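Enquirer: For reference, the structure I am asking about is given below.
Every number in this text was worked out from the coordinates using simple rules, so none of it is lab data. Bear in mind that the values here come from a model prediction, so they are computed numbers and not experimental data. Glycine gets a Cβ as well: all are built from the backbone with ideal geometry, and neighbour counts include every protein chain shown.
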Amino acid sequence: MASQRRQMMQSHQSWTDDLPLCQMCGVGTAPNCTYGPDGKDTQSHPNEDGHFRFRGEEGCFLYGVFNGFDGSRVSSFVSQCLTAELLLGQLKSTHTDSDVRRILSQAFDVVEKSYFETIGDALAEKATIISQLPEVSMLSPQSQKLSERLKDLEQEVSGGATAVVALIHNNKLYIANVGTNRALLCKSTSDGQNQVIQIGRPHTTENEDELQRLAGLGLDVSGLRQAALIAGQSSTRRIGDYRVKYNYTDIDLLSAAKNKPIIAEPEIQASQSLEGVTGFLLLMSEGLIKALESAHGPEQANQEMVAMVAAELAQQGSLEAVAQSVVERVKRLHHDVYASGRQRASHCSRHEDMTLLIRTLNYTLADGALTPTQGRWGETPTQGRWGGDAPTQGRWRGDTPTQGRWRGDTPTQGRWRGDTPTQGSQSPTTTLHSTNNQTTQSSSSSSGDGGSLFRQRGSQAVQPDETGRVPPYVDFTQFYRLWGSDHGDFLGTQGASAGLGPQ
């Protein structure tokens, strides 16, 4: 069995290739990047993120985003095997909430045990070599050969992954989280407001519940909080990483633990009914979250992410394009802050792999594709309007994809407003309503000096003429006068204002 799993890890094909993909989902990715002093961007390691998005039987849907470290072996293995533990008849329509939560938790446990089985032979060989090294002269050819083999084995068995998994079963949403990825649910409420819910919290030393769990194992909480990183990673829960699972007594921060302190047990939040819900679900890798937080700070990251998705939904013709456009926007924001040399530039010298998965909920994109000169709704890209037959009949109005308001034609006419990330006079503030299982974020507007997504124009967007063009925002009269003078063809004020020049 272990050899079969090892072959599956090394194969470029997976049995999951034959599973039907969910068509109500889009994924965007970007590799890690380090900005050099010469301005060039370099990728420091191959992409280590993973994801899946499958449609099962009986109205079951499964999504996941995995953030690998020290290689992609664990994230690839988990993305293949976790599906097998959940979509091969384990989930029935008759299962209760407690049944589903139990099956989810068992799946993570089985997958990690299966992964360690695949590296069992390598770990045994590694232990044998370590026991032989003291008996061999350090300068002998045999010692050098053993050292090289030991290095190869260490690379083969090292690494781990964090995971956030979303399961939709019986029209209920279940989120299982291990580590530092994030799940956001954006939905319209019955009173017309737009609610952003972060489901669960990251498992780090900033999580008080995690610190209490570790303290119960006999660990020094103050030392953990001060160190922030445990064996090179910020997560207190992760899949794989044999060093912290089996050799934790050799790690100073963890050596006093009575039992395994770093675990792969998922935290599964209470199910959320999706009956009548309109909006979208976001699953994000840690790299995407950190890139946005590094550029603009963590306070408004959730709202900015949701607002960017809403803006792209109003402009793009497919969910795949929406997700990729949002990732590219975060990547540009991160780079621009670094290039600006401003206060937060020191936080943006590099970013890790980024993955964004978007799953719409009772939300249908309008038919038709966008062209460079005309939006799907018959208007120019700079004057797009969302007039789709979405359940809430909402409209997206604005002068550009990043300048507008999300209006829902609901009884209370709820709005989503904000400024551009780099400028604007308004900034959404955050109201946090904490519960034991989740943090709810709702948006409102207040004055500020930037750091948010949208910039509201003072006047309504001008309408295009019959040719689809809009009047220029800039008066080019002086330019044409100087241009005509330089070229010996005088253009007076009246001529320029009458429409001379490029049309």
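Enquirer: Treating the Cα atoms of region 207-340 as identical point scatterers in vacuum, please give the log10 of the normalised Debye intensity I(q)/I(0) at q = 0.20, 0.22 Å⁻¹, two decimals.
Expert: For the requested q values the scattering log ratios are -1.12, -1.22.
Enquirer: Where does region 64-116 land on the Kirkwood hydrodynamic radius, alpha-carbon pairs, in angstrom?
Expert: It works out to 11.9 Å.
Enquirer: Set Lys and Arg Cβ to +1 and Asp and Glu Cβ to -1, take the dipole of region 177-256 about its Cα centre, and tell me which of GLY200, SER188, ALA256 lies farthest positive.
Expert: It is SER188, whose Cα lies furthest towards the positive end.
Enquirer: So how compact is region 62-153: Cα radius of gyration and Dmax in angstrom?
Expert: 19.9, 66
Enquirer: To check you understand DSSP bridge types, tell me what percent of the beta bridges within region 176-311 (both residues inside) are antiparallel, rounded to 5.
Expert: 95
Enquirer: How many times 2.2 N^0.38 Å is the alpha carbon radius of gyration of region 14-119?
Expert: Dividing the Cα radius of gyration by 2.2 N^0.38 Å gives 1.31.
Enquirer: Right, here's the next one. Based on a Kirkwood Rh over C-alpha pairs, give the Stokes-Einstein translational diffusion coefficient of region 15-70 at 4 °C and viscosity 1.567 mPa s in µm²/s.
Expert: For these conditions, the coefficient is 93 µm²/s.
Enquirer: Taking the square root of 5 times each eigenvalue of the Cα gyration tensor, what semi-axes in Å does the equivalent ellipsoid of region 117-167 have, largest first?
Expert: 32, 10, 7
Enquirer: Sticking with this structure for a sec: Largest first, please: the extent of the C-alpha atoms of region 253-309 along each principal axis, to the nearest Å.
Expert: So the extents along the principal axes, rounded to whole Å, are 47, 35, 16.
Enquirer: Same structure, new question: Find the Cα radius of gyration of region 93-201, compare it with 2.2 N^0.38 Å by division, and give the number to two decimals.
Expert: 1.78
Enquirer: Starting from the alpha-carbon convex hull of region 308-353, give the projected area averaged over all orientations, in nm².
Expert: Mean orientational projected area (region 308-353, Cα hull): 3.6 nm².
Enquirer: Further question: If you take the alpha carbon radius of gyration of region 223-280 and divide it by 2.2 N^0.38 Å, what ratio comes out, to two decimals?
Expert: Working: Rg = 16.6 Å, N = 58, 2.2 N^0.38 = 10.3 Å.
Against the empirical 2.2 N^0.38 Å value, I get 1.61 for region 223-280.
Enquirer: Check ASP49: other-chain or 5+ apart residues with amide H under 5 Å from its amide H, H built from backbone geometry?
Expert: Hits under the 5 Å cutoff: GLY68.
Enquirer: Based on the Cβ-Cβ distance of ASP99 and TYR246, what FRET efficiency does E = 1/(1 + (r/R0)^6) give at R0 = 22 Å, to the nearest 0.05?
Expert: Using R0 = 22 Å, I get an efficiency of 0.10.
Enquirer: Do the alpha carbons of any pairs in LYS113/LYS151; LYS187/LYS290; LYS187/LYS260; LYS92/LYS258; LYS245/LYS290; LYS260/LYS331 sit beyond 29 Å of each other, and which pairs?
Expert: LYS187/LYS260; LYS92/LYS258; LYS260/LYS331
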